[in-house]
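One structure is given here, and the rest of the page talks about it.
The values are calculated or read from the model by the stated rules, or taken from the named source; none is laboratory data. All of these numbers come straight from a predicted model, not from anything done at the bench. Cβ: placed from backbone, ideal geometry, glycine included. Neighbour counts: every protein chain shown. Accessible surface is based on the protein model in full, side chains and every heavy atom, while ligands, DNA and RNA are left aside. Shrake-Rupley method; radii C 1.70, N 1.55, O 1.52, S 1.80 Å.
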Amino acid sequence: MIRHERAKEELRHEEQLRAEEQVRKRAADDLVEQARAAVAAERDQLLGRWQQTLDEAHEERRRLVEDHRVEIERVRQAARWEVDRVRRESAVIVAQLRAQFAERFNERDEPRRIEPEE
């Protein structure tokens, strides 16, 4: 009978050890799952920040391209105005030179009268 009680006690002890091992295994599995969830959350957070940075970079590039386009158009317009101004001034100068030339040409072609000396 002592053997029988001893065998029962050993069996209970083994069952208790198995139960404790199962608890430890479940706890370890839970920790692994928590670690995986933490890694996935950190990955998602990093991907979110990376996407935000990428979006900001795209927006900055778009803004810079637009600023550059506007600046190019401003410089082109300023150049067109300068060319127009120079053309107008040149036209005035050419008209003045033509008038002077015509005046001098007409002066040369006028018959010169010899005035009698008195």
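Checking the condition under 16 Å from the mean Cα position of the chain (by Cα) and either surrounded by fewer than 10 Cβ atoms within 10 Å (Cβ to Cβ) or of a type in the set (A, V, I, L, M, F, W, C) (or both), which residue from A57, A37, A41 passes? Steps first, please.
Working: A37 fails: under 16 Å from the mean Cα position of the chain (by Cα); A41 fails: under 16 Å from the mean Cα position of the chain (by Cα).
So the residue among A57, A37, A41 that is under 16 Å from the mean Cα position of the chain (by Cα) and either surrounded by fewer than 10 Cβ atoms within 10 Å (Cβ to Cβ) or of a type in the set (A, V, I, L, M, F, W, C) (or both) is A57.
Going through (1) open to solvent by 80 Å² or more (accessible area, probe 1.4 Å); (2) at pLDDT 95 or above; (3) of a type outside the set (A, V, I, L, M) one by one, D84 falls short only on (1). Close Cβ contacts (under 6 Å, 6 or more residues apart or on different chains) running from residues in region 67-89 that are touching a residue at least 12 places away in the same chain (Cβ under 8 Å) and among the aliphatic types (A, V, I, L, M) to residues that are in a helix (DSSP H, G or I) and loosely packed, with under 10 Cβ neighbours inside 10 Å are absent.
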